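No value in this document is a laboratory result; all are computed from the given coordinates. Just so it is clear, the structure is predicted and the values come from calculations on it, not from any experiment. FYI the Cβ positions are ideal-geometry reconstructions off the backbone, even for glycines, and counts take in every protein chain you see.
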Ligand SMILES: Nc1ncnc2c1ncn2[C@@H]1O[C@H](COP(=O)(O)OP(=O)(O)O)[C@@H](O)[C@H]1O
Ligand SMILES: [Mg+2]
């Protein structure tokens, strides 16, 4: 007997989750179905946290599948509970709900533009992927999306896929990283002047109308600064933690400080995983032992100490990093190089901060709904 996913979905349409008007397929409660021979594994997310509601739903699922699809099916049901949050919805632009299947969301920010935020994000993403994690990258920099170029997919357009009867955007994949960028939807040389609501709508679609699948990490390349867009994203998504990128330069540090403060303010309250010092020193390729501290020495490290947030490490200013970004193959992919080693070290620090954070803190609350999903420690493939 070959079990068909379609038949399972059809059967599940008979069930209404307690407290929901629609059937559980249409309400989006069914987040994943996997079939192995006569075994069926179903992931569901329900809003009613009571044990009774859970049990009732589970029993109904077992019954209906045995009755309508296959009497001998072995069924495993994974239930995730989304508890409603009572906080008021202050920035009403992006709908706050968890993204099923995504374990950790890391926002990468910088106060100032041009400090290498996107470069660092791209290299973190490919390094995480090399380490065996499932990685997605959301380029939310509406002012200067750079991921299509950095990942060598400047002319790609995300395709539409049909997931449980709904049309979803399929992220573009490059170097093992799933990618969506605001740049995929604009002309390359076209100056984009996004109004707040437009930008929020586009971001909302890339977040919730996309088929990201299961991810261990989703990295978000935020626009520089500390504006409305940041607030919308922070308040809409259950962000696990934030990484702030700065150069050692005074003007960059002042803005990085504002960036950290933004995450720590009461209404946002996103844990800061730490600060990365980019362009920490210049090293010429032919004299790799020589370090020139052209933007000042250890500025970001001192800032981290001052703000009592972790220091995640430093990346040198080297020509190969800039070239790699321009040709669309992140430098951390060049194996055996000091640049690869530097990104590996920083990525390990980030992962270790995420694990520590997930052990000690409750999941960050998105505006309407708190997810239990962010609570689990990072998992490896
Ligand atoms: N460590 C580095 N060494 C050399 N060039 C770098 C480094 N980090 C960033 N760059 C270059 O600096 C420029 C700005 O970096 P980018 O990542 O686009 O900054 P942001 O996203 O903060 O605006 C890019 O041309 C990039 O290739
Ligand atoms: Mg950028």
Can you give me the angle between helix 250-264 and the longest principal axis of the chain, using Cα atoms only, in degrees from 0 to 90, rounded to the nearest 10? 20
Whole-number D in µm²/s for segment 5-84 (Stokes-Einstein; Kirkwood sum over Cα pairs; 20 °C, 1.002 mPa s): 171
Under a Gaussian network model of the chain whose springs join Cα atoms within less than 10 Å, the largest fluctuation of 306, 326, 152 belongs to 306
Percent antiparallel among DSSP beta bridges confined to the chain, rounded to 5, stands at 35
Sort 230, 302 by Cβ crowding within 10 Å, fewest neighbours at the top. 302, 230
Between 213, 132, 313, find the one with the highest GNM mean-square fluctuation for the chain; connect C-alpha pairs within less than 10 Å. 132
Under the Kirkwood approximation for Rh and a Cα-based Rg, what ratio Rg/Rh is obtained for the chain? 1.00
Per the helix-only calculation at 222 nm, which mean residue ellipticity applies to the chain, given -39500 (n - 2.57) for every DSSP H run of n ≥ 4 and division by its residues, nearest 500 deg cm²/dmol? -10000 deg cm²/dmol
